[in-house]
Amino acid sequence: MTYKMDQLSTLSAEHLDRYHRIITEAIGVSRHKELLAWLQGELQHYLPHEILISAWGDFTSKLICYDIVSALPGIRTEYSNPQTLSPLLQGLFNRWVELGKLPYTLGVGDSGFLLEEGGLSCPLGKALQGMRTLLVHGLIDERSDQDCLYIIFSSERKLHDSLGAMQILLPYLDTALSQVTPLAHPEFNAPVLADQPQAGEYWGLSKREIEIMNWVRIGKTNLEIASILGISVFTVKNHLQHVFKALDVATRMQAVIKIAQIRKRGS
């Protein structure tokens, strides 16, 4: 925090005004359309980019959810391939941890910049071939105790100069994205067990409990889940307690991991 305040104290009145507008607009974001407009607005002055990927979850267990935001045609979460994108996100996360969880940039030719060869034929893979640099930074979401990683890709060579801005703006980037429901993609955000009614009975979980675990898996809090489903927070907590007992786990993340393991064995 001291570092950020020191940075801000050196800025001109023009830059302070721009930062103020960016931060104020971030707080008002509630839909993907508004998020995209905010990302393409004055934020571009400090973080020039064409593609933003937010990733969260348990990276140690390789349970990663993500959302892609871009103005480029076809670059959408629902059109992505988790099997090819997840290794890239895992590699970028590992590098971030190795660097002491500080922001960093990579350029064309740097290890870990692109998707694996099999992923280059998808729309995202083709778009990444036109990018020149990426910038990575992250934080721990105190609401869900999950690591959150933010990666921006730019066709320009300016992102190294954006490291300081990323440190200042990351909390507001996180705020804006946390206020928007992640878009669905094939593996992680699609409803679990929608075509497997017997599996819920096998676990002893109700349809509502499976629905709640879908939202837990993408990082929603009990309060957010209650609001989305139109039930009380107390009801959400009761359902989760039954889920924990049925799966013989003690925490939300353990439940997510257990369900993922059961699904994998059953696939």
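The values are calculated or read from the model by the stated rules, or taken from the named source; none is laboratory data. Computed from a predicted model, the values in this text were never measured in an experiment. No Cβ is skipped: glycine too gets one built from the backbone with ideal geometry, and neighbour counts run over all protein chains shown.
Quick notes
- Test: residue in region 91-105 that is touching a Leu at 6+ places or on another chain (Cβ under 9 Å), modelled with pLDDT under 90 and assigned by TED's automatic domain parsing to the domain that holds LEU169: no
- Of residues in region 107-140 being part of a strand (DSSP E or B) and at pLDDT below 90, the one farthest from the chain's Cα centre (by Cα): GLY107
- Search result, residues across region 53-69 that are within 17 Å of SER162 (Cα to Cα) and surrounded by fewer than 23 Cβ atoms within 10 Å (Cβ to Cβ): none
- Test: residue in region 31-40 that is among the aliphatic types (A, V, I, L, M), over 15 Å from MET131 (Cα atoms) and outside any helix (DSSP H, G or I): no
- Subset of region 209-266 (residues that are under 21 Å from SER178 (Cβ atoms), among the polar types (S, T, N, Q) and assigned to a helix (DSSP H, G or I)): ASN214, ASN222, SER227
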